[in-house]
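Enquirer: Next up is a structure, given as structure tokens.
The values are calculated or read from the model by the stated rules, or taken from the named source; none is laboratory data. Remember, it's a predicted structure, so these values are computed and weren't measured experimentally. When we count neighbours, we look across all protein chains shown, and the Cβ atoms used for this are built from the backbone with ideal geometry, even at glycine.
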Amino acid sequence: MVAKQSFLKNTSKEVFFQLLLHIVLFLFFSFDKNEPEISGFKIVAFINYALGALLINYVFLPRFFYKKKYLIFFLSVVLVIAGIIAIEELVLERIYYPDTRGKHFPGVIFSLLDVMPVITILAGFKFAWDASKKQHEVDQLKSSVKESELQFLKSQINPHFLFNNLNNLYSYAIDNSPKTPSIILELSSVLRYMLYDCKENFVPLTKEVEHLKNFTQLNELQIEERGTVTYQTENIGTGYRIAPLILTVFVENAFKHSTASQSEDIVIDISIDVTDKGTLQFECLNSFRPTTNTNELSHGIGLENVKKRLEIIYPNAHELTISETDTLYSVKLEIRLKQETK
């Protein structure tokens, strides 16, 4: 039903455009300072041209030209133009001007100069209309593909996160740890945000920062006395929106990177700041010791995922810098944030 309504809407626009074009072109075609009145010959002659253009625009273009049958299209157009000239010279002029113009043929060149401007304008505008419509369809398709890819990338995060944290919860439950209820509450808060609060493409920055705090506290339980975790925010304020769960991936990777390679002296520093110009400055630094398994962590699905999301959501509006030394892994991300819409 929606597709039918859209088709009718587009068709009505094209019909209106063509009618307006034909009226304007007819007025120019009929204008003659020596003969201000519109004669019957000019009316029927223009109808002859318009019918030929109609045949070219709605039969030959879609059947031949758009299907790359260029030779057949060219021959068909030549036949139509020849037919238009024949009708004008052999029929119309003999009816309306039997004693003057109807008695002789002015030649092919003169006739073409008379016919071609009108046909070219009518066919050219139809071609431009079709090209514009096709470009609009291509843009819609690109937008749809981009949205589908974005939703797919976002959906990959939830199972990935849940799998890792359920393993942690299972370990604490096996040991009958008193921290198990706290972990469940933290996990519940984080999952609530991921499942319900971040369905939109953009969420308030304050909510994202609060989620990241809960997420950090949840993962901090893995470290216990083996190191320190610092989480700092400045100038967050209100009025900005951000794509959800992008920063989460970097924090998650920092914890995995550190805990997988170190049993002590773990250091994870997370800081978030917003400049006066609305640029988010995020930095996540974690310590690690080079081992065979950390190479995969540094190039896992999470990081590749978030890089693609950044390219899709913030093209030319972000800067991601990832650096690594023998003992430190650093992520710096700047994003030009979107303003809240009222």
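Enquirer: May I ask you to verify whether residue 306 is within 23 Å of the chain's Cα centre (by Cα), surrounded by 19 or more Cβ atoms within 10 Å (Cβ to Cβ) and either at pLDDT 90 or above or not aromatic (Phe, Trp, Tyr) (or both)?
Expert: yes
Enquirer: Follow-up question, since we're still on this one. Can you find a residue in the range 90-112 that is under 19 Å from residue 21 (Cβ atoms), crowded, with 17+ Cβ neighbours inside 10 Å, of a type in the set (A, V, I, L, M) and in the same structural domain as residue 45 (by TED's automatic domain parsing)?
Expert: Taking every residue of the range 90-112 in turn, none turns out to be under 19 Å from residue 21 (Cβ atoms), crowded, with 17+ Cβ neighbours inside 10 Å, of a type in the set (A, V, I, L, M) and in the same structural domain as residue 45 (by TED's automatic domain parsing).
Enquirer: Here is a follow-up. Please state which of the following conditions residue 163 fails to meet, knowing it meets all the rest: (1) modelled with pLDDT of 80 or more; (2) surrounded by fewer than 11 Cβ atoms within 10 Å (Cβ to Cβ).
Expert: (1)
Enquirer: Within the range 195-254, which residues are more than 29 Å from the chain's Cα centre (by Cα) and in a strand (DSSP E or B)?
Expert: Hits for the range 195-254 are 227, 228, 229, 230, 231, 232, 233, 234.
Enquirer: Now for a different question. Could you say whether any residue in the range 276-295 is small (Gly, Ala, Ser), within 33 Å of the chain's Cα centre (by Cα), outside any loop (DSSP other than H, G, I, E, B) and modelled with pLDDT of 85 or more?
Expert: Filtering the range 276-295 for residues small (Gly, Ala, Ser) gives 278, 287.
Okay, now just the ones that are also within 33 Å of the chain's Cα centre (by Cα), so 278.
Now drop any that are not outside any loop (DSSP other than H, G, I, E, B), which leaves none.
No: zero hits.
Enquirer: Name the residues in the range 192-223 that are free of Cβ contacts under 8 Å to residues at least 40 places away in the same chain and under 15 Å from residue 337 (Cα atoms), would you?
Expert: Residues satisfying the conditions are 206, 207, 208.
Enquirer: Also: Could you tell me which residue of the range 233-268 is surrounded by the most Cβ atoms within 10 Å (Cβ to Cβ), considering only residues that are hydroxyl-bearing (Ser, Thr, Tyr) and modelled with pLDDT of 85 or more? Break it down stepwise before answering.
Expert: Going through the range 233-268, the residues hydroxyl-bearing (Ser, Thr, Tyr) turn out to be 233, 238, 240, 248, 258-259, 261, 263.
This time we only want the ones that are modelled with pLDDT of 85 or more, so: 233, 240, 248.
Working: 233: 15, 240: 20, 248: 22.
This residue is 248.
Enquirer: From 233, 248, 279, which residue is in contact with a helix residue (DSSP H, G or I) (Cβ under 7 Å, 6 or more places away or on another chain), in the same structural domain as residue 314 (by TED's automatic domain parsing), farther than 17 Å from residue 303 by Cβ and not hydrophobic (A, V, I, L, M, F, W, C)?
Expert: Details: 248 fails: farther than 17 Å from residue 303 by Cβ; 279 fails: in contact with a helix residue (DSSP H, G or I) (Cβ under 7 Å, 6 or more places away or on another chain).
Matching residue, one of 233, 248, 279: 233.
Enquirer: Right, next: I'm trying to understand the selection: among the residues of the range 167-213, which are over 30 Å from residue 234 (Cβ atoms) and at pLDDT 85 or above?
Expert: The one that is over 30 Å from residue 234 (Cβ atoms) and at pLDDT 85 or above: 174.
Enquirer: So, one more: Pairs only if they're at least six apart or on different chains, beta carbon under 8 angstrom, first in the range 73-84 and surrounded by fewer than 15 Cβ atoms within 10 Å (Cβ to Cβ), second modelled with pLDDT of 90 or more and in a helix (DSSP H, G or I); list them, first residue then second.
Expert: Close Cβ pairs satisfying both conditions: 83/52.
Enquirer: On to the next question. Can you find a residue that is under 48 Å from the mean Cα position of the chain (by Cα) and either assigned to a helix (DSSP H, G or I) or modelled with pLDDT under 80 (or both) anywhere in the range 104-112?
Expert: yes
Enquirer: Which residues, taken from the range 315-338, are surrounded by 11 or more Cβ atoms within 10 Å (Cβ to Cβ), of a type outside the set (A, V, I, L, M) and modelled with pLDDT of 90 or more?
Expert: Within the range 315-338, the subset surrounded by 11 or more Cβ atoms within 10 Å (Cβ to Cβ) is 317-320, 322, 324, 327-338.
Keeping just the survivors that are of a type outside the set (A, V, I, L, M) gives 318-319, 324, 327, 329-330, 332, 334, 336, 338.
Across the range 315-338, the qualifying residues are 318, 319, 329, 330, 332, 334, 336.
Enquirer: Scanning for something in contact (Cβ under 8 Å) with a residue 60 or more places away in the chain, under 23 Å from residue 107 (Cα atoms), part of a helix (DSSP H, G or I) and not polar (S, T, N, Q), does the range 36-48 turn up at least one residue?
Expert: Scanning the range 36-48 turns up at least one residue that is in contact (Cβ under 8 Å) with a residue 60 or more places away in the chain, under 23 Å from residue 107 (Cα atoms), part of a helix (DSSP H, G or I) and not polar (S, T, N, Q).
Enquirer: OK, next. Go through (1) modelled with pLDDT under 85; (2) under 23 Å from residue 179 (Cα atoms) for residue 229 and report which single condition fails.
Expert: Evaluating residue 229 over (1) modelled with pLDDT under 85; (2) under 23 Å from residue 179 (Cα atoms) leaves (1) as the failure.
Enquirer: Among what's in the range 48-72 and is among the basic types (Lys, Arg) and surrounded by 13 or more Cβ atoms within 10 Å (Cβ to Cβ), pick the residue that is nearest to residue 15 (Cα to Cα). Let's see the steps before the verdict.
Expert: Keep residues of the range 48-72 that are among the basic types (Lys, Arg), which gives 63, 67-69.
Those still in the list that are surrounded by 13 or more Cβ atoms within 10 Å (Cβ to Cβ) too: 63, 69.
Values: 63: 20, 69: 26 Å.
The residue in question is 63.
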